[in-house]
Amino acid sequence: MNELFDLYQDIILDHNKRPRNFRAMDGATHAAEGHNPLCGDEVTVFVKLNGDKIEDVSFQGQGCAISRASASLMTGEVKGKTLREARGEFERVKAMLTGDNDEPVDLLEFGNMASLSGVRRFPARIKCATLPWHALDAALQDGGEITTE
Ligand code: ZN
């Protein structure tokens with residue numbers, strides 16, 4: 001269990017240090033800002049839709065390691081997916097992050113996203129991990145700003 005925890009830490013630290021798709025996007029069709037006042041996280045998610053497919057997705061912002069790693073992992077996860085697939089992914093990730101602490105996480109299903117499951121033991125950090133997903137969801141709805149409370 002400790003080894004798994006170390007591995008998780010490594011994934012989070014790596015994505016925090018070298019976040020993937022961390023850039024503003026020219027020609028984004030959708031964007032939204034997310035704020036998590038409890039922690040001070042701010043993230044802007046950019047999406048380029050082609051039909052109903054997420055052709056490109058990126059983010060910018062500042063925040064804690066959890067929020068940055070979650071945003072970085074999310075962009076890798078939803079890129080190339082359809083809107084429907086991305087929404088399904090959001091629901092599954094949300095359920096995983098807010099799930100019962102004792103419930104095992106399916107590593108095959110979540111891959112590196114599972115590294116964020118540790119937040120279940122720290123309720124105050126759950127919003128850090130879900131913030132980028134809420135911002136993505138807001139971008140795909142109407143855009144604008146969202147605040148997690
Ligand atoms: Zn945070």
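The stretch between LEU83 and GLN62, if pulled fully straight at 0.36 nm per residue, gains 5.0 nm over its current Cα-Cα span. The Kirkwood radius of the chain, taken over pairs of alpha-carbon atoms, gives through the Stokes-Einstein law at 10 °C and 1.306 mPa s a diffusion coefficient of 105 µm² s⁻¹. What angle do you read, to the nearest 10 degrees and between 0 and 90, between the alpha-carbon axis of helix 2-17 and the longest principal axis of the chain? Relative to the chain, helix 2-17 is tipped by roughly 30 degrees. Computed from backbone phi with θ = phi - 60° and the Karplus coefficients 6.51, -1.76 and 1.60, the 3J(HN,Hα) list for the range 27-40 is x, 5, 8, 9, 7, 7, 9, x, 10, 10, x, 4, 10, x Hz; x is used for glycine and proline.
Could you tell me which of rounded, prolate or oblate describes the range 4-47, using a ≥ b ≥ c as the square roots of the eigenvalues of the alpha-carbon gyration tensor, with rounded for a/c under 1.5 and, failing that, prolate when a/b is larger than b/c and oblate otherwise? Cα axes put the range 4-47 in the oblate bin. Placing +1 on the Cβ of every Lys and Arg and -1 on the Cβ of every Asp and Glu, with nothing else charged, gives the chain a dipole about its Cα centre of roughly 280 debye.
Would you be so kind as to identify which of GLY111, MET25, GLY80 lies farthest towards the positive end of the dipole of the chain, taking Lys and Arg as +1 and Asp and Glu as -1 on Cβ and the Cα centre as origin? Of the options given, the answer is MET25. Please give the helix 123-141 orientation as an angle from the longest Cα principal axis of the chain, in degrees from 0 to 90, rounded to the nearest 10. It works out to around 20 degrees. Relative to the dominant Cα principal axis of the chain, helix 65-78 is inclined by about 60°. Taking packing as the residue-averaged number of other Cβ atoms within 10 angstrom, the listed peptides 124-135, 59-70, 95-106 run from highest to lowest as 124-135, 59-70, 95-106.
For the range 82-134, compute Rg over Rh where Rg is the Cα radius of gyration and Rh is the Kirkwood radius from the inverse mean 1/r over Cα pairs.
Details: Rg = 10.8 Å, Rh = 11.3 Å.
On the Cα set of the range 82-134, Rg over Rh gives 0.95.
Read-outs throughout are calculated quantities, based only on the coordinates presented, and are distinct from any laboratory measurement. Computed from a predicted model, the values in this text were never measured in an experiment. Please note: Cβ atoms are built from the backbone with ideal geometry, for glycine as well, and neighbour counts cover all protein chains shown.
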